[in-house]
Amino acid sequence: MDFSTLCIHGNKDKYENTGALSVPIFQTASFAHPGVGQSTGYDYSRLQNPTREHLEKIVAKLESGIDSMAFSSGMAAIAALMELFSPGDHIIVSDDLYGGSHRLFHSVSMKNKISFDFVNTTELSQIESHIGTNTKAVFVETPTNPMMQVTDIKAVSNLTEKHKLLLVVDNTFLTPYFQKPLNLGADIVVHSGTKYLGGHNDTLAGFLVVRNHTLSEKLRFIYKTTGACLSPFDSWLLIRGIKTLAVRLERQQESAKILADWLLAQKHVKKVYYAGLETHPGYEISKRQSTGFGAMISFEVDSEETAVRVLSKVSLIQYAESLGGVESLITYPMLQTHADVPREVREAKGIQEKLLRLSVGLESVNDLILDLEQALEE
Ligand SMILES: *Cc1c(COP(=O)(O)O)cnc(C)c1O
């Protein structure tokens with residue numbers, strides 16, 4: 001079955017022979033047992049719930065994984081992932097990282113004596129030179145947030161395989177529609193399902209997807225023990241969102257390319273970071289490892305005043321955090337997603353007062369251009 005069909009028919013379980021096209025929301029905390037020592041397969045909704053299970057089976061299939069776990073947010077998924085590690089362990093992480101992941105690693109995991117090196121994972125030698133005897137994993141975001149740097153997943157996986165490290169890829173920006181890290185050698189895929197998978201800016205969710213049974217067993221144990229599971233209703237919203245994932249992304253990407261080209265021609269715009277531009281340093285790798293470039297654009301304007309003006313004048317495009325939904329959103333990474341990243345680290349990456357990040361939604365691209373045009377005007 002093709003991807004777009006799997007988004008709708010990825011799990012064929014039928015419920016109670018009603019013929020219902022939509023999966024029921026099993027709003028129950030617990031399940032009755034048929035007899036002593038017997039189970040229907042469901043005992044308690046923290047461990048498993050039929051609505052959530054339906055969603056997890058679809059997401060596992062879309063990512064070519066053997067299992068997926070649905071969490072109450074992307075950060076809940078990454079926090080659970082960190083429970084795989086013990087005091088003394090070392091992890092190599094992309095230095096251009098979602099701000100919340102940076103805060104978790106820096107403020108919570110480090111307190112638990114897990115150490116990190118934040119390196120430019122687009123350069124293999126940088127990863128290799130940081131591998132030590134206690135290194136356990138490499139955590140990569142690609143393309144990165146917000147600078148859109150592209151890491152060669154296959155090349156990194158050759159390295160992690162050689163050194164017996166886990167490779168974790170945060171696939172939030174491209175989704176399995178455009179990129180399947182497990183097929184490129186990653187062991188675990190992370191998602192903020194809040195973004196493209198849900199797709200409507202209305203639900204928080206997160207996922208871990210794994211490619212082997214050992215990891216599935218370990219993470220399922222952590223999952224049921226720590227308890228940040230996705231509710232039945234939110235699972236249903238994600239199932240509904242995923243049904244249109246392929247068409248949404250196709251259209252969002254089309255508009256993003258038009259907008260990136262348009263932005264390049266504006267006098268107040270100095271740089272455009274979009275992996276789908278041939279001048280982008282990650283363009284060739286993207287073409288090799290992904291089937292698309294996504295719909296996230298960062299751009300640098302000529303001054304802080306212009307940046308502030310754009311943020312206050314946009315009217316159709318909303319000045320708000322988050323990304324990947326039907327509504328186009330613009331953010332100021334310096335003050336929002338990356339506010340907790342130390343200034344030197346942030347600025348070394350180019351995240352400064354002139355940088356804006358745009359998540360292209362599903363509005364008409366002409367209306368988006370008109371809105372940006374009037375916002376850029378003095
Ligand atoms: C939003 C985001 C997260 C965190 O997910 P939440 O659902 O907001 O908790 C993690 N990684 C990336 C790349 C994100 O964009």
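The values are calculated or read from the model by the stated rules, or taken from the named source; none is laboratory data. These numbers were taken from a predicted model, which means no experiment stands behind them. Note that we place each Cβ from the backbone using ideal geometry, even for glycine, and neighbour counts take in every protein chain shown. Each accessible area value is taken on the protein alone, full model and side chains, heavy atoms only, with ligands, DNA and RNA left out. Shrake-Rupley method; radii C 1.70, N 1.55, O 1.52, S 1.80 Å.
Can you tell me which of Val156, Val119 is open to solvent by less than 10 Å² (accessible area, probe 1.4 Å), away from the ligand (no atom under 16 Å from the Cβ) and over 25 Å from Val59 (Cα atoms)? Write out each step before concluding.
On the way: Val156 fails: over 25 Å from Val59 (Cα atoms).
None of the others qualify; the one that does is Val119.
Considering only residues that are surrounded by fewer than 17 Cβ atoms within 10 Å (Cβ to Cβ) and assigned to a loop (DSSP other than H, G, I, E, B), look in the range 328-343 and name the one that is nearest to the chain's Cα centre (by Cα). Outline the logic, then answer.
At the first step, the residues of the range 328-343 found to be surrounded by fewer than 17 Cβ atoms within 10 Å (Cβ to Cβ) are 335-336, 339-340, 342-343.
Filter once more, so that each one left must be assigned to a loop (DSSP other than H, G, I, E, B): 335-336, 339-340, 342.
Working: Leu335: 20, Gln336: 17, Ala339: 19, Asp340: 19, Pro342: 22 Å.
Once the filter is applied, the top-ranked residue is Gln336.
So how many residues does the range 249-276 have that are over 17 Å from Ile330 (Cα atoms) and open to solvent by less than 10 Å² (accessible area, probe 1.4 Å)?
3
Quick check: is even one residue across the range 127-149 away from the ligand (no atom under 12 Å from the Cβ), without any contact (Cβ under 8 Å) to a residue 12 or more places away in the chain and surrounded by fewer than 24 Cβ atoms within 10 Å (Cβ to Cβ)?
yes
Would you check if Met296 is at pLDDT below 95, crowded, with 21+ Cβ neighbours inside 10 Å and not assigned by TED's automatic domain parsing to the domain that holds Gly99?
The answer is no for Met296.
Conditions (1) closer than 29 Å to Glu363 by Cβ; (2) in the same structural domain as Met69 (by TED's automatic domain parsing), marked per residue:
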residue	(1), (2)
Tyr196	yes, yes
Val210	no, yes
Leu219	no, yes
Pro281	no, no
Glu284	no, no
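Out of Ala339, Ala307, which single residue is touching a strand residue (DSSP E or B) at 6+ places or on another chain (Cβ under 6 Å) and in contact (Cβ under 8 Å) with a residue 24 or more places away in the chain? Steps first, answer last, please.
On the way: Ala339 fails: touching a strand residue (DSSP E or B) at 6+ places or on another chain (Cβ under 6 Å).
Residue meeting the stated conditions: Ala307.
When you scan the range 44-54, do you find a residue that is in contact with a strand residue (DSSP E or B) (Cβ under 9 Å, 6 or more places away or on another chain) and of a type in the set (A, V, I, L, M, F, W, C), even just one?
yes
Can you say whether Gly350 is open to solvent by 10 Å² or more (accessible area, probe 1.4 Å) and either not assigned by TED's automatic domain parsing to the domain that holds Gly206 or not small (Gly, Ala, Ser) (or both), as far as the supplied structure shows? Lay out the reasoning, then the answer.
Details: open to solvent by 10 Å² or more (accessible area, probe 1.4 Å): yes; either not assigned by TED's automatic domain parsing to the domain that holds Gly206 or not small (Gly, Ala, Ser) (or both): yes.
Judged against the criteria, Gly350 is a match.
Can you report the number of residues in the range 271-292 which are closer than 20 Å to Ile351 by Cβ and in contact (Cβ under 8 Å) with a residue 60 or more places away in the chain?
Of the residues in the range 271-292, 6 are closer than 20 Å to Ile351 by Cβ and in contact (Cβ under 8 Å) with a residue 60 or more places away in the chain.
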